[in-house]
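Notes to accompany the following structure.
The values are calculated or read from the model by the stated rules, or taken from the named source; none is laboratory data. Just so you know, these numbers come straight off a predicted model, no measurement behind them. For the accessible areas, the whole protein counts, side chains as well, though only heavy atoms, and no ligand, DNA or RNA atoms are used. Shrake-Rupley method; radii C 1.70, N 1.55, O 1.52, S 1.80 Å.
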Amino acid sequence: MIDLNILEKGDNYKDLKCSFVIFVCTFDLFGEGRCIYTFENRCIQNLDLGFGDDTTKIILNTNGTMDDITPELKKLLDFIDGKEPGDDFTRELDEEVQSVRKSEKWRLDYMTLQMHYQEKFE
């Protein structure tokens, strides 16, 4: 779907822009204890042969046990996992979250969106 929005009909495949798809999970999808899993499209028969679409998929795990990310990203993942803010960025993010939670307009927009999703589901 991302590629469809980047390329127009008749455009060259090589004109695709670099794209990142980032998932944040509160569980370890692969069970290896990593905080980050990064995937690129590669040929199974020859791992040195890339697909050339410059698409990277990153899965972040809030419960990773390895020391494989920056301290700043670790604080963000901890915050997402429900821990107290651990630096200026997560404190600022927490303030924005609290502001949105108190906003009547945001609450109405959210409920309207939820009702729309429920109608589609039914």
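In table form, for the structure just shown:
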item: Nearest-10 value in Å² for the accessible area of Arg107, using the 1.4 Å probe; result: 120
item: Count of Lys pairs (Cα-Cα under 20 Å; at least 8 positions apart or interchain) in segment 7-122; result: 6
item: Surface share of carbon and sulfur [accessible, 1.4 angstrom probe, percent] for the chain; result: 56
item: Mean Cα-pair separation over length for the chain, i.e. relative contact order, pairs under 8 Å, 6 or more apart, %; result: 20
item: Where Rh is the Kirkwood radius over Cα pairs, Rg/Rh for the chain; result: 1.07
item: Accessible surface, per residue, of the chain when the full set of protein chains is kept, probe 1.4 Å, Å²; result: 81
